[in-house]
1. Can you name every residue in the stretch 154-176 that is under 24 Å from GLY196 (Cβ atoms), open to solvent by 10 Å² or more (accessible area, probe 1.4 Å), in a helix (DSSP H, G or I) and not hydroxyl-bearing (Ser, Thr, Tyr)?
2. Sort through ARG118, ARG126 and tell me the only one that's modelled with pLDDT of 95 or more, out of contact with any Leu (no Cβ under 8 Å at 6 or more places or on another chain) and over 17 Å from VAL263 (Cβ atoms).
3. Within the stretch 237-281, take every residue that is in a strand (DSSP E or B) and surrounded by 17 or more Cβ atoms within 10 Å (Cβ to Cβ) and give me the one that is modelled with the lowest pLDDT.
4. What are the residue pairs meeting all of these: first residue in the stretch 193-210, first residue within 11 Å of LEU238 (Cβ to Cβ), second residue hydrophobic (A, V, I, L, M, F, W, C) and surrounded by 12 or more Cβ atoms within 10 Å (Cβ to Cβ), Cβ atoms under 6 Å, and 6 or more apart or on different chains?
5. Which is in a loop (DSSP other than H, G, I, E, B) and hydrophobic (A, V, I, L, M, F, W, C), of LEU97, LEU113, LEU93, LEU79?
6. For the stretch 191-228, which positions are in a helix (DSSP H, G or I), at pLDDT 95 or above and among the charged types (D, E, K, R)?
7. What is the number of the single condition among (1) more than 21 Å from ARG213 (Cα to Cα); (2) open to solvent by 20 Å² or more (accessible area, probe 1.4 Å); (3) among the polar types (S, T, N, Q) that GLN137 does not meet?
8. For the stretch 108-126, which positions are surrounded by fewer than 22 Cβ atoms within 10 Å (Cβ to Cβ) and closer than 21 Å to ARG95 by Cα?
Amino acid sequence: MKALPFLSLLPRLPGPRFPAALLGATVLELAVLTGHLVAYPFGLTQERRTPPDPSPGTPPGTHPNRLHGPPAAERPVVLLHGFIDNRSVFVLLRRTLARHGRRHLASLNYSPLTRDLRTAAELLGRHVEEVCARTGQREVDIVGHSLGGLIARYYVQRLGGDRRVRTLVTLGTPHGGTAVAPGAGIHPIVRQMRGGSALIEELRRPAPGCRTRFVSFWSELDQVMVPVETACVDHPDLDAVNVRVTGIGHLALPVHPAVAAAVREALETQETREGTVPSTGTTSVA
């Protein structure tokens with residue numbers, strides 16, 4: 001099937017064989033978890049939303065973002081974290097995107113007390129509208145980790161968000177539902193992530209004319225996604241590419257430098273959506 005052109009540019013991740021691969025990924029997951037626990041308190045509050053400074057020479061009363069920079073650099077990127085997490089998980093990815101020219105980076109914290117994924121998707125929709133109004137842009141890109149990717153997909157596919165979202169990148173997101181759902185009997189939103197839930201079945205419904213590009217990163221060593229292929233987008237109406245990552249686990253996906261570089265390439269792809277035929281393909285970065 002047709003693959004997006006940026007995929008040939010994706011960096012390669014090391015791919016040791018089992019069981020060495022699993023051991024290495026586990027050690028890395030523990031290191032990432034330790035670092036994230038240190039950073040977690042700094043991401044508890046919502047980020048400050050301040051208007052961008054006008055560029056030198058911008059005529060008064062004219063929104064600066066409509067005049068300067070290539071389209072990819074001007075299009076905002078919204079970062080959406082996973083379950084019981086916050087925006088601090090994207091510190092390294094955010095730096096990578098900013099270092100390569102992305103001017104408008106916005107993170108959204110949704111409450112861990114949210115009991116319905118649909119409610120979180122509606123909140124995301126309001127946030128996207130606010131970001132577009134603040135930056136003067138008509139579209140955004142979204143990067144979602146784990147549950148965050150599922151929230152973004154629901155917004156795009158079921159709430160009309162495809163008119164605002166050019167590209168949705170998901171990292172270890174249970175598109176098909178996962179059998180690993182700790183606390184599923186306690187938290188309703190976790191139950192919604194299980195395979196066969198009403199919400200997962202809702203996302204299987206037809207989505208003709210969906211305009212958003214999907215790029216889904218999934219790892220063969222992701223022990224939160226069971227089976228691991230559940231992190232792939234498998235829908236006949238969606239323009240999707242699934243990217244297999246080797247050598248790392250679930251927590252490392254949003255912080256690994258090679259994945260960050262691959263995400264950046266995916267967002268910078270200049271392929272237009274007009275005239276393309278929806279396709280679901282799979283590629284590898286092993």
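The values are calculated or read from the model by the stated rules, or taken from the named source; none is laboratory data. Everything numeric in this text was worked out from a predicted model, so none of it was measured. Glycine also receives a Cβ, built like all others from the backbone with ideal geometry; neighbour counts cover every protein chain displayed. Only protein heavy atoms, including side chains, enter the accessible area calculation; ligands, DNA and RNA are left aside. Shrake-Rupley method; radii C 1.70, N 1.55, O 1.52, S 1.80 Å.
1. GLN157, ARG158
2. Working: ARG118 fails: out of contact with any Leu (no Cβ under 8 Å at 6 or more places or on another chain).
Step by step, each of ARG118, ARG126 is checked, and only ARG126 is modelled with pLDDT of 95 or more, out of contact with any Leu (no Cβ under 8 Å at 6 or more places or on another chain) and over 17 Å from VAL263 (Cβ atoms).
3. From the stretch 237-281, those in a strand (DSSP E or B) are 239-245, 280-281; that's our starting set.
Narrowing further to those that are surrounded by 17 or more Cβ atoms within 10 Å (Cβ to Cβ): 239-245, 280.
Working: ASP239: 96, ALA240: 96, VAL241: 95, ASN242: 96, VAL243: 95, ARG244: 93, VAL245: 92, THR280: 45.
Only one residue fits best here, namely THR280.
4. So the pair list comes out as CYS210/LEU238.
5. Values: LEU97 fails: in a loop (DSSP other than H, G, I, E, B); LEU93 fails: in a loop (DSSP other than H, G, I, E, B); LEU79 fails: in a loop (DSSP other than H, G, I, E, B).
Unique residue meeting the criteria: LEU113.
6. Of the residues in the stretch 191-228, the ones in a helix (DSSP H, G or I) are 191, 198-203, 228.
Add one more test, that the residue is at pLDDT 95 or above, and what stays is 198-203.
Matches in the stretch 191-228: GLU201, GLU202.
7. (1)
8. Within the stretch 108-126, just ASN109 meets the criteria.
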